[in-house]
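Structure record follows, encoded as structure tokens.
Here, each number is a calculation from the coordinates, and none is a lab measurement. Quantities reported herein were computed from a predicted structural model and do not represent experimental measurements. Quick reminder, even Gly has a Cβ in these numbers, built from the backbone with ideal geometry, and neighbours come from all protein chains shown.
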Ligand SMILES: *Cc1c(COP(=O)(O)O)cnc(C)c1O
């Protein structure tokens, strides 16, 4: 948008006055932030209203991205960026004596996700809007986001994340768009006009109230919508009847059970408690979302049997897969379509992304629980499954083992992944390797039955947040060097490759990295009191804490470097600072122990003056989107060291690459494609391959005891875990010790140790050659454009959704 500085200043002063009855002098930072956010939202609203009007009137196909998680982080900076008014606002605020950066720090992260899956959904929203695709998000407005992590005495302590405490300037509550969602009760079958009719009785109603957040396109007059649902009791009718019987307790219990639905995001996407509540959450937002889509579709006057021409729904992982049955319910019970018509429309609308092969993350619900909570939905799933199993039996007559294995309902369990596959026209993995593993291992039966459904869509990240916003210096250097067309077409970053050998450009790249590191070092000194050398190699592993991501491999290697330095204090290794950032699921014991281990190692190393500051270890508290935006632009080395075959894609890896870090990687997830893009000289690959891991898992042949007995470095490290070196209590790290030895090292940490240590020796020697290192950084940035989520989203749009990329909205009157 076009905005004049003087106009901005007067708008801002007025907004502050109107919102808080305050002048700039005397206003708190919080109020200053809210006035700015409110003003930016005001700037957006006209386009937002016009966009919605256009979508409704034109019948343009819209895609709704259903996800339990949207890890959006902060919106002020990215909205200013996408509107193209960041500089003018910054200048205007400076003249008013206000620092924009300081106000940006006031905003609470919207931490409505655990990690990569939720962040992907957020990147997709940004890319859909910025590519002109009519696409919206649908999820839950959790009152509490992912917990806030405090580190106390080296241990993770979880604090509730009440992110809405100060209010949320971006959302608008849409009271008039509320929807009723029904749980429990029973189904009575009746014949009305000769049609078998299913009547839901004695159910518990829940009121779903939408909160809409604008999703602002970059340099376009479009504004899409993220709609998050909040669960509330149905106000008077239900309560009143209960109260009139004098049963306050029951009314309160009802209120509490309803409010619980949107109370809190489940920590961790792979193991959890409170299954019933989780299922309630899923049906709650799916039902509310689909009902509201249908309601607005019908307002447009288009015929119901063309729904699939105008609407697409994407199921992000299995969490929203009950959408298949819910849409069938709406089409059959409410719109009175036949089963076959409804099925054709539903499968044409639905598409499903698989995010993991970790079996504990494949959702299964006990039949009894499912049936009681969602009786009609269960009936529909039974019928879908009956027809599916018949079709299987036609293709593979009598192969009962295989048919049982593929059945949606089996062994007293409802298998949500199977429902999603059967009910969607597209099933995609999130990196080439991952999709191949799905096709040929995890879902091979389904692939044989539905080969045409399977496809790959490698994940991506929005280069607007993960380069332009978080690393403005680098972004400006790129534009100064190759022009600005890369912003709209990130693949054009590859023009930077020409400057690979240009000493002046190399120096600029290096000095930007150095400036970022120096800034961050100050921040670390202020927050943790740890003094780090900005000239040391910044070696970073930030991601959820999970055994498969192998933070343990990293920390064992740091202990090994420390052991070597203790043996030989004059050992010639370059100074390194290792950074970790990771939250552990509160119930995931081994993960929490790993955090304590990292902190114990950090304490030991950081306080040992005999190693001459050659090593420092920093555990960054409360890893989140806004912290990621600070650390990633400082990284020299990116640690992407998951056990091959276990990481579906990874997106952290792409963020680091785009900011010019060199990756130490296993050939896992999208690392494989990163290697292909950047060339093997510009990435440090090590370790077992996916097929080797799969083969060990199938046929055996690995014993961690052998490594322990034959490699004396490993032997010493393992011993140090339990001999009092790191902790007064020898039991402190017992689980880690046992997982590596007694349980035969499920994630091949010891097996890969030697290769990993050698990989780091390579890093050390590459870094010594400044020129070579800078070349590598440049090549990484230059080849990161394919990993922009703009590319990813265009493929989804074209291959799966059938949506169009609109250039600009026509002017509306
Ligand atoms: C990108 C991102 C992730 C995903 O990181 P991976 O390394 O791919 O696991 C997790 N959390 C946050 C806050 C992120 O920004």
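If you count, for each residue, the other Cβ atoms within 10 Å and average over each peptide, how do 186-196, 20-30, 514-524 line up from highest to lowest?
Values: 186-196: 9.4, 20-30: 12.5, 514-524: 16.9.
My ranking of the peptides, most packed first, is 514-524, 20-30, 186-196.
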- Task: Could you state, as a whole-number percent, how many of the C-alpha pairs of region 71-180 are farther apart than 19 Å?
- Result: 60 percent
- Message: Rounded to two decimal places and with Rh computed the Kirkwood way over Cα pairs, what is Rg over Rh for region 1-140?
- Response: 1.01
- Message: On C-alpha positions alone, give me the angle between the axis of helix 712-722 and the longest principal axis of the chain, in degrees, nearest 10.
- Response: 60 degrees
- Note on the structure: log10 I(q)/I(0) for region 62-132, Debye formula on C-alpha points only (no solvent), q = 0.24 Å⁻¹, two decimals, reads -1.05
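Where does each of 229, 773 land when they are ranked from fewest to most other beta-carbon atoms within 10 angstrom? Let's see the in-between values first.
On the way: 229 28, 773 19.
Ordered from fewest to most neighbouring Cβ atoms within 10 Å, 229, 773 come out as 773, 229.
Beyond 15 Å, how much of the Cα-Cα pair distribution for region 698-746 remains, as a whole percent?
Working: 551 of 1176 pairs.
Tail of P(r) above 15 Å: 47 percent of Cα pairs.
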- Ordering 501-507, 426-432 by per-residue average of other C-beta atoms within 10 angstrom, highest first, gives 426-432, 501-507
- Taking every pair of alpha-carbon atoms in region 160-218, what share in percent sits in each 5 Å bin, from 0 to the bin with the longest distance? 4, 13, 12, 13, 14, 13, 8, 8, 7, 5, 2, 0
- Task: Quick one: Debye curve from the alpha-carbon atoms of the chain only, equal weights, vacuum; give me log10 I(q)/I(0) at q = 0.06, 0.10 Å⁻¹ to two decimals.
- Result: -0.40, -1.13
- Distance from the Cα centre of region 667-686 to that of region 128-156, in angstrom? 29 Å
- Separation of region 563-605 and region 746-781 by C-alpha centroid, Å? 18 Å
- Note on the structure: Computed Rg/Rh for region 279-417 (Cα atoms; Rh = Kirkwood radius) stands at 0.97
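By average Cβ neighbour count within 10 Å, what is the ranking of 760-769, 747-756 from highest down? Intermediate results must be reported in sequence, preceding the final value.
Working: 760-769: 15.2, 747-756: 21.5.
Result, highest mean Cβ count within 10 Å first: 747-756, 760-769.
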- Shape box of region 373-459 [Cα atoms, principal axes, largest first, Å]: 37, 33, 21
- Query: Rg(Cα) of region 495-597 divided by 2.2 N^0.38 Å?
  - Reply: 1.36
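Once you compute Rg and the Kirkwood Rh from C-alpha atoms, what is the Rg to Rh ratio for region 540-669? Walk me through the intermediate numbers first.
Values: Rg = 14.7 Å, Rh = 15.3 Å.
That ratio is 0.96, to two decimals.
Going by the alpha-carbon gyration tensor, a ≥ b ≥ c the square roots of its eigenvalues, is region 491-552 rounded (a/c under 1.5) or, if a/c is not under 1.5, prolate (a/b greater than b/c) versus oblate? Let's see the in-between values first.
Values: a/c = 3.03, a/b = 1.39, b/c = 2.18.
Cα axes put region 491-552 in the oblate bin.
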- extent check for region 677-781: Cα max minus min per principal axis, descending, whole Å, gives 46, 38, 23
- Message: Ignoring solvent entirely, what values of log10 I(q)/I(0) come out of the Debye formula for region 22-84 at 0.19 Å⁻¹ when each Cα is a single scatterer?
- Response: -0.96
- Express the relative contact order of region 632-749 as a whole percentage, based on alpha carbon pairs under 8 Å and six or more residues apart in sequence. 20 percent
- Query: So what's the Cα pair-distance distribution over region 365-404, bin width 5 Å, in %?
  - Reply: 6, 23, 22, 17, 15, 13, 4
- Message: Between helix 690-699 and the chain, what is the angle of the helix's C-alpha long axis to the longest principal axis, kept within 0 to 90° and rounded to the nearest 10?
- Response: 80 degrees
- Give the value in nm², to one decimal: projected area of the alpha carbon convex hull of region 609-749, averaged over all directions. 11.1 nm²
- Hydrodynamic radius by Kirkwood for region 593-653, inverse mean 1/r across distinct Cα pairs, in Å, is 14.1 Å
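List the relative contact order of region 51-133 as a percent without decimals, with contacts defined as Cα pairs under 8 Å and 6+ residues apart.
Over region 51-133, the number comes to 45 percent.
Multiply the residue separation of residue 200 and residue 519 by 0.36 nm, subtract the distance between their alpha-carbon atoms, and state the gained length in nm to one decimal.
108.8 nm
Given a Förster radius of 51 Å and the C-beta distance between residue 335 and residue 738 as r, what FRET efficiency does 1/(1 + (r/R0)^6) yield to the nearest 0.05? Walk me through the intermediate numbers first.
Numbers: r = 57 Å, r/R0 = 1.11.
Efficiency, from the Cβ-Cβ distance: 0.35.
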- Please report, in whole Å, how far the alpha carbons of region 445-537 spread along each principal axis, starting with the longest. 59, 37, 23
- Inter-centroid distance (Cα atoms) of region 479-499 relative to region 384-422, Å: 50 Å
- Note on the structure: If the chain between residue 728 and residue 761 were fully extended at 0.36 nm per residue, the gain over the current Cα-Cα distance would be 8.7 nm
- Query: How much length, in nm to one decimal, is gained on full extension between residue 13 and residue 164, taken as 0.36 nm per residue of separation minus their Cα-Cα distance?
  - Reply: 51.9 nm
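Would you calculate the volume per residue, in Å³, of the smallest convex hull containing every Cα atom of region 256-323? Before the final figure, lay out each step's value.
On the way: hull volume 6.8 nm³, N = 68.
Once divided by residue count, the hull of region 256-323 is 100 Å³.
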- Task: Provide the FRET efficiency to the nearest 0.05 for the residue 411-residue 697 pair, computing r from the beta carbons and using R0 = 25 Å.
- Result: 0.65
- Item | Inter-label distance, nm, simple model (7 Å from Cα along the C-beta direction), residue 689/residue 497 | 2.4 nm
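Can you tell me the relative contact order of the chain? Whole percent, Cα pairs under 8 Å, sequence separation 6 or more.
Values: 1444 pairs, mean separation 113.4, N = 813.
With pairs under 8 Å counted, the relative contact order is 14 percent.
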- Measuring from the longest principal axis of the C-alpha atoms of the chain, the long axis of helix 551-567 (C-alpha) lies at a number of degrees, nearest 10, equal to 10 degrees
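Can you compute the FRET efficiency between residue 706 and residue 96 using 1/(1 + (r/R0)^6), with r the Cβ-Cβ distance and R0 = 60 Å? Round to the nearest 0.05. Mind dumping the intermediate values first?
Working: r = 68 Å, r/R0 = 1.13.
It comes out at approximately 0.30.
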- Item | Label-zone membership for region 427-452, site residue 395, 7 angstrom Cα→C-beta point, backbone N under 14 Å | 427, 439-440, 443-452
